[in-house]
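The values are calculated or read from the model by the stated rules, or taken from the named source; none is laboratory data. None of the values given here were measured: they were computed from a predicted structure. Using ideal geometry, Cβ is built from the backbone for each residue, glycine included, and neighbour counts are taken over all protein chains shown. Remember, those area values only see protein heavy atoms, side chains included, never the ligands or the DNA or RNA. Shrake-Rupley method; radii C 1.70, N 1.55, O 1.52, S 1.80 Å.
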Amino acid sequence: MMDWIDFFEKWIWFGVAAIGFAILFNVPKRTLIPIFIMAALGGSVKLVLLHWGDSLVLGTLLGAVLIGFLSIYAAHFKHSPPFVFAIPAVIPMVPGSYAYYTMKGIIKLANNSNNTDFVPLLNDTITNGFKTLFILMAIAIGVFAPMLLTRRDSAKQIKMPLLKQDKK
Amino acid sequence: MQKNQSIEIGALLLEIGALLMSAGANTNRIRLTMRRIAKSYGYKAEYLITHRAIMLTLQNPNGDLAFNQVKQTYAQVPNFMMVSGISRLSWRIVDENLSVETVWQEIERLKLLPKYPKLIILATVALACAAFCRLGGGNFTEMLIVFLASFSGLFIKQELGKKKVNPYFGVFLASFITTMICGVIGVWYPFQHDNMAFVTSVLYLIPGIPLINSISDIMDGNSLNGIIRALNGIVISFAIASGLLIAVLIFNAV
């Protein structure tokens, strides 16, 4: 039971973080609610995969892909380009703490004079650095996935299942 | 009359391209929008789009050169309301055959659209950083500290932006001051979660738009613009990191 409350709380915080960035990027008001929902769903996918599969990079990739596809739906409903929804919604998944530990590790390496500490420190720093890099790549590719898979120039030309639309 | 029309349409296309580039659209979107509008007026457009300038050549329906000009883009300020508005406008031009004068009026209207109130921007962005802190495992007191630090940091960054300070230096100063506020409060209230407040309070500065746009530009084949955007994002990240690191060293939190 506690797990579900914890999960729901994180769900809300993912949405709140996305809304903050959406307002910083000055999005139209009608897109705020879809951004909240998309960020929360993408974040939940990441949390679930982290819980079951113990893979942060894969979880982030799938979460970002989900946000990418939902952004196409949202673009049809709310008449805005898909990336207006997708960019604020994926920002809560940015690996801030890993980037911080990487930098902290680099400073420690620079100040280190002890030979036995060096190897474990290097291990941690490089692991954190590559995690940061791969998570950032996963986010960018996930957002771009729908355009990559459907090979269309504009979201208006993508035919959506379960959605009536006029021919363009 | 024909000649004047081509000049008007050329100026319109350049203005739309410059606005989209400054508002944070990716290169492919700018190309498609300009081509769509030019085609609906019966012209053929060839262009070179870079980060700082757009070069445009228009050919009229007979294939003669009708217009040729370079325009500087504006300062980079993310504004998705503008991108969204221009996207809708471009489809209206195709569907309803709007005249050039109407399109200019629409663009002027889009430029004057009200932004969010300043206090709301500051508060929601600070709340977003507090949310990051909570997601990273911080407690509610730490969230409050992060809120205060991000609020003041973003305010300083906006004020520096108004004074036309170098944007990278502005990011550096904002990052430094934000973490200093966290550190000073941390002297009286030691953090329980390995400096989670330090990490998350600077997250409002992350260059999300340049980094994501750089990947999509490279995937679309606009490699040069992609590399420029990636470099821009990396330099901003480096500015954040140096501000953060100096504050962390001062408080000896390493």
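Annotations
- Angle between chain B longest axis and helix B:140-162 axis [Cα atoms, degrees, rounded to 10]: 40 degrees
- Restricting attention to chain B, lysine pairs at least eight places apart or on different chains and with alpha-carbon atoms under 22 angstrom apart total 18.
- Area buried, chain A against chain B - accessible surface, total, 1.4 angstrom probe, square angstrom: 4600 Å²
- Annotation: per residue accessible area for the protein assembly as shown equals 49 Å², rounded to a whole number [probe 1.4 Å, protein chains only].
- Cβ-derived FRET efficiency at R0 25 Å, B:L249 paired with A:T127, nearest 0.05: 0.60
- Each distinct pair of alpha carbons in chain B adds a 1/r term; the inverse of their mean, the Kirkwood radius, is 20.4 Å.
- Kyte-Doolittle mean at least 1.0 and Cα axial length at least 18 Å: DSSP H helices in chain A: A:2-24, A:32-52, A:56-78, A:115-150
- Around the amide H of B:A53, modelled in the peptide plane, lie the amide H atoms of B:T73, all under 5 Å away and 5 or more residues distant in sequence or on another chain.
- Counting Cβ atoms of other protein chains within 10 Å of each residue's Cβ and taking the mean over peptide A:82-93 gives 4.
- Estimated from the Cβ-Cβ distance and a Förster radius of 60 angstrom, the FRET efficiency linking B:W188 and B:L65 is about 0.30.
- Full-stretch length increase - A:W4, A:V119 - with 0.36 nm per residue and alpha-carbon distance subtracted: 37.4 nm
- Of the residues B:I209, B:L144, B:G85, the one whose Cα sits farthest toward the positive end of the charge dipole of chain B, with +1 on the Cβ of Lys and Arg and -1 on the Cβ of Asp and Glu, is B:G85.
- Spatial separation of Cα centroids for the stretch B:69-124 and the stretch B:194-227, in angstrom: 23 Å
- With the convex hull drawn over the C-alpha atoms of the stretch B:177-254, the volume per residue is 84 Å³.
- B:I9 exposes around 0 Å² of accessible area when a 1.4 Å probe is run over every protein chain in place.
- Measuring r between the beta carbons of B:D95 and A:F77 and using R0 = 22 Å, the FRET efficiency lands at 0.70.
- Coordinate range along principal axes, alpha carbons of chain A, Å, largest first: 69, 41, 32
- Taking Cα atoms only, the orientation of helix B:2-23 departs from the longest principal axis of chain B by about 10 degrees.
- Candidates B:M196, B:Y41, A:S44 compared by Cα position along the dipole of the protein assembly as shown: farthest toward the positive end lies B:Y41, with charges placed on Cβ.
- Within chain B, helix-based [θ] at 222 nm, where runs of 4 or more DSSP H residues each add -39,500 (n - 2.57), nearest 500: -23000 deg cm²/dmol
- Dipole magnitude for the protein assembly as shown: computed about the Cα centre from +1 point charges on Lys and Arg Cβ and -1 point charges on Asp and Glu Cβ, it is near 1060 debye.
- Taking every DSSP helix (H) stretch of at least 4 residues in chain A, weighting each as -39,500 (n - 2.57) and dividing the sum by the residue count yields a mean residue ellipticity at 222 nm of -26500 deg cm²/dmol.
- Between the C-alpha center of the stretch B:5-21 and that of the stretch A:1-57 there is a gap of 38 Å.
- Projected label points at B:Q72 and A:M137, each 7 Å from Cα along the beta carbon direction, are separated by 3.8 nanometres.
- Within the stretch B:71-99, backbone nitrogen closer than 17 Å to the virtual label 7 Å beyond the Cα of B:V235 toward Cβ: B:73-78
- Taking Cα atoms only, the orientation of helix B:100-111 departs from the longest principal axis of chain B by about 10 degrees.
- Label-point gap, in nm, between A:I12 and B:L119 - each point 7 angstrom along Cα→Cβ: 2.3 nm
- Rg(Cα)/(2.2 N^0.38 Å) for the protein assembly as shown, N = residue count: 1.04
- When +1 charges are put on Lys and Arg Cβ atoms and -1 charges on Asp and Glu Cβ atoms, the dipole computed for chain B relative to its Cα centre reaches about 240 debye.
- Here the Kirkwood formula puts the hydrodynamic radius of the stretch B:64-146 at 16.9 Å, using every distinct Cα pair.
- Rough spin-label spacing in nm, given labels placed 7 Å along Cα→Cβ, for B:K39 and B:Q158: 4.1 nm
- Difference of contour (0.36 nm per residue) and Cα-Cα distance, A:I37 to A:L58: 5.5 nm
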